[in-house]
Amino acid sequence: MSDHYQIFGAELSPYSVKVRAYFRYKGIPHDWLPRTDENMAEFQKFAKLPLVPLVVSNHGDAWQDSTPIIEEFETMFPDPSIIPDDPALAFISALIEEYADEWANKYMFHYRWWYDADQQSAARRLARDARPHAADIDIEAIAQMLRERMVQRLGFVGSHSATKEQIESSFIRTLKLLEKHLTHRPFLFGERPALADFGLAAQLYQCWTDPTPRKLFDQKAPNVAAWAEQMQDPSAEGAFEDWDSLEATLLPFLQAEIGGLFLPWSNANAIALEQGKEEFSVRLEGKPFKQAPQKYHARSLAILREGYAGISDKGLLDSILTTADCQKFLRQQPL
Ligand SMILES: N[C@@H](CCC(=O)N[C@@H](CS)C(=O)NCC(=O)O)C(=O)O
């Protein structure tokens, strides 16, 4: 019998739908199990951390954390590959995935828990997912409790009144730049999905389900909305493109969002942790952005830097990264 997997996840968890889309794309046999009160004991038997997604095999092996899950399954299920052949593009794809997990998650979380309409919508959906058989009146009470708890966590991603505008502008600019890029191709790197698509579409799909950012999709970014939806169950339509044809519309996104915001922020976050600070402030596009440092991000930046250091021929990659203002942040030592 071939191996079979269970994915414990949640519809409102970007990292869970990212892994589910990956399993669907690869045709890996799996069941999707929304984590509910009823299967919590089973979840806890395998989970080392109280986080979804959790993948469990029929042999009892378990995996957590979406990026290492995908990396490991990519070695077991290499076809169709989600890694462009050109090592420069493979690294750019990993860099965009990192941006998605660590930065795009800020605008996803911010919109979901900042405005009243989004708080209500998300809290009800979360409550219903966790307690599918509960009475409506109980769902309202659970939703109210979840809403209060999640709103208090806005600060963890750096969302507060002084950063609200920067976070929202980043989202709007992302929609605008990706809209141009996706007018000419179905996926970020051409006619088949790459790792970057799984990471970024997962965050943007969540925004698309929330009422306030949904309006912005409707006004500004129908192609991005169609891509994010299609990425829930994607199929390859052709080949990856070369940098020559991607550059005109992908470089502006790398420059603005990754070189201009994400990497300076991630670098400052890593330095703040090294210095044992409880809060740090970094100037992003001329304005201070303040938050408490986040340990997980420093670890994943170190992994990205190791990946960059391991690439032997950096000719094309360095020319892309330098033009996009990213290269200086990828050296081993924090600046
Ligand atoms: N780095 C992890 C992040 C996973 C994560 O933060 N999951 C959130 C949901 S999106 C979670 O499980 N939060 C606690 C909870 O929902 O109980 C990954 O990529 O899988």
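The values are calculated or read from the model by the stated rules, or taken from the named source; none is laboratory data. Just so we're clear, the structure is a prediction, and the values are computed from it rather than from any experiment. Note that we place each Cβ from the backbone using ideal geometry, even for glycine, and neighbour counts take in every protein chain shown. Just the protein is used for accessible areas: all its heavy atoms, side chains included, with ligands, DNA and RNA removed. Shrake-Rupley method; radii C 1.70, N 1.55, O 1.52, S 1.80 Å.
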Subject >> Positive-end residue, the chain charge dipole about Cα centroid, Cβ charges, pick of 234, 9, 246 >> reply: 9
**OP:** Taking only protein heavy atoms into account and a 1.4 Å probe, give the accessible area per residue of the chain in Å².
**Re:** 45 Å²
**OP:** On the full set of protein chains, 1.4 Å probe, figure out the accessible area of residue 61 and give it in Å² to the nearest 10.
**Re:** 80 Å²
Subject >> Nonlocal amide H pairs with residue 5, under 5 Å, H built at 1.01 Å >> reply: 30, 31
Original post:
List the trypsin sites (Lys or Arg not before Pro) in segment 216-284 that DSSP assigns to loop (not H, G, I, E or B) and whose Cβ has at most 16 other Cβ atoms within 10 Å. Which are they?
Top reply: 277
Original post:
Around residue 190, which amide H atoms from residues at least 5 apart in sequence, or from another chain, sit under 5 Å from its own amide H, with H modelled in the peptide plane?
Top reply: 241
**OP:** For segment 30-134, give the percent of accessible area contributed by carbon and sulfur heavy atoms, probe 1.4 Å, rounded to a whole number.
**Re:** 55 percent
Original post:
Where is the GNM fluctuation largest for the chain (alpha-carbon springs, 10 angstrom cutoff): 194, 228, 162?
Top reply: 162
Original post:
Accessible area of residue 188, 1.4 Å probe, to the nearest 10 Å²?
Top reply: 0 Å²
Original post:
Which percent of the accessible heavy-atom area of segment 261-327 goes to carbon and sulfur, probe 1.4 angstrom?
Top reply: 51 percent
Original post:
Per-residue HN-Hα couplings for segment 182-199, Karplus 6.51 cos²θ - 1.76 cosθ + 1.60 at θ = phi - 60°, whole Hz, x for Gly and Pro?
Top reply: 8, 5, 9, 7, x, 10, 4, 10, x, 9, 8, x, 10, 3, 4, 4, 4, x
Original post:
Whole-Hz Karplus ³J(HN,Hα) for segment 8-24, in order, using 6.51 cos²θ - 1.76 cosθ + 1.60 and θ = phi - 60°, x for Gly and Pro?
Top reply: 7, x, 8, 4, 8, 9, x, 5, 6, 6, 5, 5, 5, 4, 5, 4, 5
Original post:
Given +1 on the Cβ of Lys and Arg, -1 on the Cβ of Asp and Glu, and no further charges, what dipole in debye does the chain carry about its Cα centre, rounded to the nearest 20?
Top reply: 1120 debye
Original post:
Too long at a 23 Å Cα-Cα cut-off: which of 164/328; 106/215; 48/295; 26/180?
Top reply: 164/328; 26/180
Original post:
Under a point-charge model restricted to the Cβ atoms of Lys and Arg (+1) and Asp and Glu (-1), what is the dipole moment magnitude of segment 5-76 relative to its Cα centre, in debye to the nearest 20?
Top reply: 120 debye
**OP:** Please work out how much accessible surface residue 244 shows to a 1.4 Å probe, ignoring ligands, DNA and RNA, in Å² rounded to 10.
**Re:** 140 Å²
